[in-house]
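Read-outs: derived from the displayed coordinates by stated rules, not from any lab. Since the structure is predicted, the reported quantities are computational estimates derived from the model, not experimental observations. Heads up, the Cβs are rebuilt from the backbone with ideal geometry, glycines too, and the neighbour counts pull from every protein chain shown.
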Amino acid sequence: QVRLVESGGGQVQPGGSLTLSCAATGTIFKIFGMGWYRQAPGKALELLAGVTRGGGTDYADSVKGRFTISRDDAKNMVYLQMNNLQPEDTAVYSCTADIQSNAAGGTNNYWGQGTQVTVSS
């Protein structure tokens, strides 16, 4: 059974930084695209950043220049470095990944349970 578990959330003052981590565990043969989403209360789910297996990245305009996504395939991890956080960044942040569990199987999309990020003074 594959699971994604986020960590690193918390409360930070405006202008501060946080790094979120997401660990993929279980039976994993290969991880393809990985990404981060967030959802603030009363707002729609927002795709923030994605990283391909080859290392290509893409960002939402709302976080471009402030957030950096990276991955470590040796550890089955994806990270989100967040700088210059503002109150409007307050949300539950979730990671997602497309994972192939074995060489003969297909790829499934998995989600973590989410971690709260609160930006306030």
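Out of Ala74, Ala49, which single residue is small (Gly, Ala, Ser) and loosely packed, with under 14 Cβ neighbours inside 10 Å?
Ala74
With touching a Leu at 6+ places or on another chain (Cβ under 6 Å), surrounded by fewer than 18 Cβ atoms within 10 Å (Cβ to Cβ) and over 18 Å from Gly114 (Cα atoms) as the only criterion, which of Gly16, Gly65, Gly8, Gly54 stands out?
Gly16
Per-residue answers, yes or no, for (1) within 14 Å of the chain's Cα centre (by Cα); (2) at negative phi:
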residue	(1), (2)
Leu4	yes, yes
Gly10	no, no
Gly16	no, yes
Thr27	no, yes
Gly50	yes, yes
Gly54	no, yes
Lys75	no, yes
Tyr79	yes, yes
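Anything in region 19-66 that is touching a residue at least 60 places away in the same chain (Cβ under 8 Å), closer than 22 Å to Ala91 by Cα and among the aromatic types (Phe, Trp, Tyr)? List them, or say none.
Scanning region 19-66 gives a single hit, Trp36.
Being assigned to a loop (DSSP other than H, G, I, E, B) and in contact (Cβ under 8 Å) with a residue 24 or more places away in the chain is the filter here, so list the residues in region 101-119 that pass it.
Matches in region 101-119: Ser101, Asn102, Ala103, Gly105, Gly112, Gln113, Gly114.
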